[in-house]
Amino acid sequence: MASGGVTVPGLTSLTSKVELTISCENLMDMDVFSKSDPLCALYINTTGSQWSEVC
């Protein structure tokens, strides 16, 4: 990836630009004393059963 991210051995020169749009509505408020802070984590499969979070 051009700007950080996960390095996949043997694929260092292979890159793709991808744009993702994530949207959620009517999420449950699971926090008792404050507003919930939902998040979305994106993982990439680096090898077989190995997954790494993309920052």
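The values are calculated or read from the model by the stated rules, or taken from the named source; none is laboratory data. Worth saying up front: this structure is predicted, and the values here are computed from it rather than measured. Glycine gets a Cβ as well: all are built from the backbone with ideal geometry, and neighbour counts include every protein chain shown.
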Among (1) touching a Leu at 6+ places or on another chain (Cβ under 8 Å); (2) at pLDDT 85 or above; (3) of a type outside the set (S, T, N, Q), which single condition is Pro38 missing?
-> (2)
Of all residues in the stretch 18-55 being in a loop (DSSP other than H, G, I, E, B) and among the β-branched types (Val, Ile, Thr), which is nearest to the chain's Cα centre (by Cα)?
-> Val54
